[in-house]
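Encoded as structure tokens, the structure appears first; notes follow it.
The values are calculated or read from the model by the stated rules, or taken from the named source; none is laboratory data. Predicted model, so just to flag it, every value in this text is computed and none were measured. Here the Cβ positions follow ideal geometry from the backbone for every residue, glycine too, while neighbour counts run over all protein chains shown. In case anyone asks, the SASA skips ligands and DNA or RNA and just uses the protein heavy atoms, side chains included. Shrake-Rupley method; radii C 1.70, N 1.55, O 1.52, S 1.80 Å.
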Protein chains: 2
Amino acid sequence: MTDDRRAAGTPTLEDVARAAGVSRATVSRVINGVRNVDPVIQEAVRQAVSVTGYTPNRAARSLVTRRADAVALVVSGAGIEPEAAPEASGNASEAGTSGGGNSFTAQVFADPFFGRVVTGVVNYLRPRGMHPVLMFAESSRAREEVVAYLRQGSADGALVVSTHAEDPLPALIAEAGLAAVLFARPARPVPVSYVDLAHQDGARLAAEHLLGRGCRRTATISGPLDVPAGQARLTGFRDTMARHGHPYIPVVEGQFTQESGEAAMERLLAEHPDLDGVFAANDLMALGACHVLREHGRSVPGDVAVVGFDDSSAALACRPPLTTVRQPVEGMAAEMTRLLLDRLARPDGPVTSVIFEPELVVRGSA
Amino acid sequence: MTDDRRAAGTPTLEDVARAAGVSRATVSRVINGVRNVDPVIQEAVRQAVSVTGYTPNRAARSLVTRRADAVALVVSGAGIEPEAAPEASGNASEAGTSGGGNSFTAQVFADPFFGRVVTGVVNYLRPRGMHPVLMFAESSRAREEVVAYLRQGSADGALVVSTHAEDPLPALIAEAGLAAVLFARPARPVPVSYVDLAHQDGARLAAEHLLGRGCRRTATISGPLDVPAGQARLTGFRDTMARHGHPYIPVVEGQFTQESGEAAMERLLAEHPDLDGVFAANDLMALGACHVLREHGRSVPGDVAVVGFDDSSAALACRPPLTTVRQPVEGMAAEMTRLLLDRLARPDGPVTSVIFEPELVVRGSA
């Protein structure tokens, strides 16, 4: 680094020392915030820094500010499974994985949702000269690494997106007294701020749209029911249907993946061959449902109307394009980031939540 | 940070100072690598660090090692367009973008390819205790920020994935003498190491497969022809066809997006209604082509066989699933990362390239 700087003509520590008329070590001590330096010398060094245009190494500045000026974007996964995953993914670099792969990271990015989260985070951080450190935490060891990384000050705080309800990371972070904001309310109460969507309102919009089209035999493919969002979307859909005189709505639980949407649709069609409307709790499952309906000779939306949830890029990849409940993911991710920077600026600020309103986007599928 | 550490019982600088029998300032100076400290005291501090289990702040360690122990993963974009993009994306955080959005970051992650790159990079870095800093560089200002970030030592080097041929970033990085490795050969020669695929060999596999199925009237949807990969895949396809007695292959140029694949397929069908085979230079365009073929009542692969390229998750999302040329993206991204860490360990090592061999994955579409 030092050589590169010199080659490019960037001012060095030596230049500052020369301009201030002091030793290199003294400049270093002033920049590092060592206390017992004569105030007059401190001022001379500061002026020399300003005159030469010297940019102190980020690490040096961090020592003074006690801030890394970096935040971690953590995609946090499932289970209590012990140390298997990191080893496995270590090997995957050699083995490669087919069709987008089945490692945790590959799964994460197969869902267009995460790209939208990254977009929102980057849009908020970048004008502030910051960039997210991307981390994955799908095993106990990986979670420990995230906590250690934050503890040692490599990042000032974490933006946490959990893919599973039983994710222990939010609690670990809260116990360690580290700064974090969550995307979506955790399944178990944890004193950490979060952003979330009014999921029930979104499901209500889907139900009202299907009813408005004249659907009378609707079914739903829910998300995982141990996830608050999965639960809330199902409740919202059922409640609205009940309020309109439809007390019984067949449900098959999916896992927010395209494959689980296909399997669920197969089951619903077998058990309820006369259905005329389907609400899938996310777009990937709706996409899978449309594939299966077409394979069974049902037209969408003619025979069966399909509504998804998220308005992810899967909604546009589908034929016909999906009518869906738009989750403003980019805006939510930006707000999550704003809350974290707020918290870093005022560590004693209150734990808070910000809930976004969904809206219906009508396209071809319903 | 200091308060959190204390609360959690983590050893602090004070604990080290007490154990070593010296002042806090002295401990700090030893850890920061200040030279004029008595060697006996230095040794005492080191022993106290070891006894207390104190983890020096990452910033402090960086000052000693002159390494950030971080690498940037830069997704680098197009044009010479000036400062528009960062402003625009700054606003996008409020406005939100529909259907996966149209900002640069949203576009990037709409392509499953980038998720696979991230997977390969993370798989290689994580067992080494490192995590990528995610950066985007689609405008001149964003590129300057990347170069400044590397210069000031916030990251030790960059992994660069360019989405456009005219990307000036590799040259800027080379001129600044910064460490970097590229994913794919740049359009113009730059003295920077890269990994790449034998694209012509991949296109040859696609051509031989279509010929082997009995296709006699094939066409191709190429990638952007100013991108080396786009050019090489077209050349490889045409050369193989010519060698088998098919001198004329209709071509429509696409942009590696689903929409461009749809538009290209519409044109090919209009101009060559009797075609029986299509090679699309990536899976997203092949997916778009399959949609259009179906809309025109052509069955895939019965009437028209379709071969894609990449083996991305779009290949599995397609109905029928795509026969495609597998690009081992995760392995290539891991190798790119290995080359960068090598370069950081031996800054005077030679600039090098590693070329991967593709393979054909046969599924339903051809």
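Tell me which of these residue B:275 doesn't satisfy, since it passes every other one: (1) farther than 24 Å from residue B:313 by Cβ; (2) in a helix (DSSP H, G or I). Looking at each condition in turn, residue B:275 falls short on (2).
Of all residues in segment B:195-214, those being over 13 Å from residue B:326 (Cα atoms), charged (D, E, K, R) and in a helix (DSSP H, G or I) number 1.
On the stretch given as segment B:331-358, residues that are at the interface with chain A (Cβ under 10 Å from one of its Cβ atoms), in contact with a Pro (Cβ under 8 Å, 6 or more places away or on another chain) and either loosely packed, with under 15 Cβ neighbours inside 10 Å or in a loop (DSSP other than H, G, I, E, B) (or both) total 0. Scanning segment B:1-57 for residues that are at pLDDT 80 or above and part of a loop (DSSP other than H, G, I, E, B) yields B:21, B:22, B:23, B:38. For segment B:191-218, give me each residue that is touching a Lys or Arg at 6+ places or on another chain (Cβ under 8 Å) and either of a type in the set (A, V, I, L, M, F, W, C) or open to solvent by less than 20 Å² (accessible area, probe 1.4 Å) (or both). Within segment B:191-218, B:193, B:196, B:199, B:202, B:203 qualify.
Within segment A:317-324, is even one residue more than 9 Å from every other protein chain (Cβ to nearest Cβ), part of a loop (DSSP other than H, G, I, E, B) and crowded, with 24+ Cβ neighbours inside 10 Å? Yes: one or more hits.
Quick grid of which residues meet (1) closer than 29 Å to residue A:241 by Cβ; (2) open to solvent by 10 Å² or more (accessible area, probe 1.4 Å); (3) in a loop (DSSP other than H, G, I, E, B):
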residue	(1), (2), (3)
A:146	no, no, no
A:153	no, yes, yes
A:159	no, no, no
A:165	yes, yes, yes
A:173	no, no, no
A:178	no, yes, yes
A:185	yes, yes, yes
A:189	no, yes, yes
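Pick from segment A:152-192 the residues that are more than 21 Å from residue A:256 (Cβ to Cβ) and at pLDDT below 90: which of them is farthest from the other protein chains (Cβ to nearest Cβ)? If we take residues in segment A:152-192 being more than 21 Å from residue A:256 (Cβ to Cβ) and at pLDDT below 90, then A:189 is farthest from the other protein chains (Cβ to nearest Cβ).
Is it the case, given these coordinates, that residue A:328 is touching a residue at least 24 places away in the same chain (Cβ under 8 Å), more than 13 Å from every other protein chain (Cβ to nearest Cβ) and open to solvent by 20 Å² or more (accessible area, probe 1.4 Å)? No: the conditions fail for residue A:328.
Of all the listed residues (A:300, A:307, A:292, A:278), the sole one being farther than 26 Å from residue A:165 by Cβ, among the hydrophobic types (A, V, I, L, M, F, W, C) and in contact with a Ser or Thr (Cβ under 9 Å, 6 or more places away or on another chain) is A:300.
No other residue among B:115, B:157, B:129 is under 30 Å from residue A:142 (Cβ atoms) and within 14 Å of the chain's Cα centre (by Cα) apart from B:115. Only one entry in A:308, A:364 is part of a loop (DSSP other than H, G, I, E, B) and either modelled with pLDDT of 95 or more or within 9 Å of chain B (Cβ to nearest Cβ) (or both), namely A:364.
Within segment B:215-235, residues that are closer than 15 Å to residue B:187 by Cβ and assigned to a loop (DSSP other than H, G, I, E, B) reach partners that are of a type in the set (Phe, Trp, Tyr) and open to solvent by 30 Å² or more (accessible area, probe 1.4 Å) with beta carbons closer than 9 Å, at six or more positions or on different chains, in the pairs B:223/B:256; B:224/B:256; B:227/B:256.
When each of B:243, B:267 is tested for being of a type in the set (D, E, K, R), at pLDDT 95 or above and farther than 23 Å from residue B:211 by Cβ, the lone residue that passes is B:267. Does residue B:301 count as closer than 16 Å to residue A:319 by Cβ, in a loop (DSSP other than H, G, I, E, B) and more than 21 Å from the chain's Cα centre (by Cα)? No, not satisfied. Scan segment A:101-144 for residues that are of a type in the set (A, V, I, L, M), without any contact (Cβ under 8 Å) to a residue 24 or more places away in the chain and assigned to a loop (DSSP other than H, G, I, E, B) and the total you get is 0. Given the structure, is residue B:78 more than 10 Å from chain A (Cβ to nearest Cβ), at pLDDT 90 or above and over 20 Å from residue B:331 (Cα atoms)? Answer is no for this residue.
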